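Here's the structure, in structure tokens; my notes come after.
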Amino acid sequence: MSSFPWEVLILGVVLGVNRLATPATYERPIAFWAIQVMNVAVALPVALVGIPGTEGFPALGWLIAGLLLFHVLQNVSLRGTALARKRQALAAREQARKLRALEAPAALPRSDTPLPGTPPSDAPLPGTPAEAPAEKPPAE
């Protein structure tokens, strides 16, 4: 009677995490590097000891260890690319915002041209007391 192949299940979980969870951790350094440490931690015993039940095929352990180490390199490269794209998108958004800010004053009316419905600039504003007319000096 054979036991359940836990080693194969663990390798499947590690490969699944590489495929499914790693892209979601590109912007979370602690989670991303924890997955990469897990890859190396699984690859080393597989390379040094092998996979139980495959003693006749030592190349299988080396192949799986190489695959896990390749995933580490690939994940680091993909993370760098994703973060660079995000930085470029943020820089492009900031550039567009600056351009809009520079173009905005040109769209405003000139200050010497009153807007329709506004009183002339020498008229008192509504709700403010009007200046009292200057008194005439008494006639002699």
Task: Selection from the range 26-39 of residues that are part of a helix (DSSP H, G or I) and either free of Cβ contacts under 8 Å to residues at least 24 places away in the same chain or loosely packed, with under 14 Cβ neighbours inside 10 Å (or both) - done: Pro29, Ile30, Ala31, Trp33, Ala34, Val37
- [ ] Among the numbered conditions (1) farther than 19 Å from Phe4 by Cα; (2) touching a helix residue (DSSP H, G or I) at 6+ places or on another chain (Cβ under 7 Å), tell me where Pro52 comes up short.
- [x] (1)
Open item on the list: Consider the range 42-64. How many of its residues are surrounded by 12 or more Cβ atoms within 10 Å (Cβ to Cβ) and either among the charged types (D, E, K, R) or free of Cβ contacts under 8 Å to residues at least 40 places away in the same chain (or both)?
Closed with: 14
Task: Selected residue [in a loop (DSSP other than H, G, I, E, B) and at pLDDT 70 or above] from Gly80, Gly127, Gly50 - done: Gly50
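The values are calculated or read from the model by the stated rules, or taken from the named source; none is laboratory data. Quick caveat: nothing in here was measured; it's all calculated off a predicted structure. Cβ sites come from the backbone with ideal geometry, for glycine too, and all protein chains shown count toward neighbours.
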